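Asks: Please see the structure below; I have some questions.
The values are calculated or read from the model by the stated rules, or taken from the named source; none is laboratory data. Just so you know, these numbers come straight off a predicted model, no measurement behind them. Every residue, glycine among them, receives a Cβ derived from its backbone with ideal geometry; neighbour counts consider all protein chains shown. These accessible areas exclude ligands, DNA and RNA; they are computed on the full protein's heavy atoms, side chains included. Shrake-Rupley method; radii C 1.70, N 1.55, O 1.52, S 1.80 Å.
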Amino acid sequence: MTDLRIRPGGPEDLDTVLAFWKTAAEGTSISDDRAGVERLVARDPQSLLLAERDGELVGTVIAGFDGWRCHLYRLAVHPDHRRRGIGSALLDAAEERFVRLGGRRGDAMVLVRNERARHAWRAAGYEPQEQWRRWVKHLGDRAAAE
């Protein structure tokens, strides 16, 4: 794994990351656009972690810390590079970041239907908390009304 490089993504990487997610990530989010990822990188420049091999993007994870909780999103590995330790290396880097920042527990957004992802998260030591459910409200309608 010595040829794998993990680094923070910057504004110059956003188009590549967005195209990568269309190939490597399952599901979509209303934040999967240039403006959403630009806000992420501007607010927390170390949160978007990229894995590269020979200059090619092969994996991503968003490791967001709000000062209270450690959140993991968009763990994605290119289909041609899976099962080679890239996801584990990205999670290690994210967890190290969280510890440096004083985080105590990481949580991950995992699609219920994504069986492969559930296996990967469980293998990394994460487990579902059945007593919790995610509640969401899209704020676009609120912003349009104001």
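Asks: Could you give me the residue pairs with C-beta distances under 6 Å whose first residue belongs to region 4-18 and is at negative phi and open to solvent by less than 40 Å² (accessible area, probe 1.4 Å), whose second residue is part of a strand (DSSP E or B) and not aliphatic (A, V, I, L, M) wherever it lies, and which are 6+ apart or on separate chains?
Replies: Note: pairs meeting the criteria are LEU4/ARG53.
Asks: May I ask you to list the residues in region 103-115 that are over 14 Å from ASP66 (Cβ atoms) and loosely packed, with under 10 Cβ neighbours inside 10 Å?
Replies: Listed by number, the residues that qualify are VAL112, ARG113, GLU115.
Asks: Here's another thing I want to ask about it. Give the number of residues within region 51-99 that are more than 14 Å from VAL17 (Cβ to Cβ), under 11 Å from the mean Cα position of the chain (by Cα) and in a helix (DSSP H, G or I).
Replies: Counting residues in region 51-99 that are more than 14 Å from VAL17 (Cβ to Cβ), under 11 Å from the mean Cα position of the chain (by Cα) and in a helix (DSSP H, G or I) gives 3.
Asks: If a residue has to be out of contact with any strand residue (DSSP E or B) (no Cβ under 9 Å at 6 or more places or on another chain), of a type outside the set (S, T, N, Q) and open to solvent by 30 Å² or more (accessible area, probe 1.4 Å) to count, how many in region 28-42 make the cut?
Replies: Residues meeting the conditions: 7.
Asks: Still on this structure: Of (1) loosely packed, with under 12 Cβ neighbours inside 10 Å; (2) part of a loop (DSSP other than H, G, I, E, B); (3) modelled with pLDDT of 85 or more, HIS119 satisfies all except one. Which?
Replies: Failing condition for HIS119: (2).
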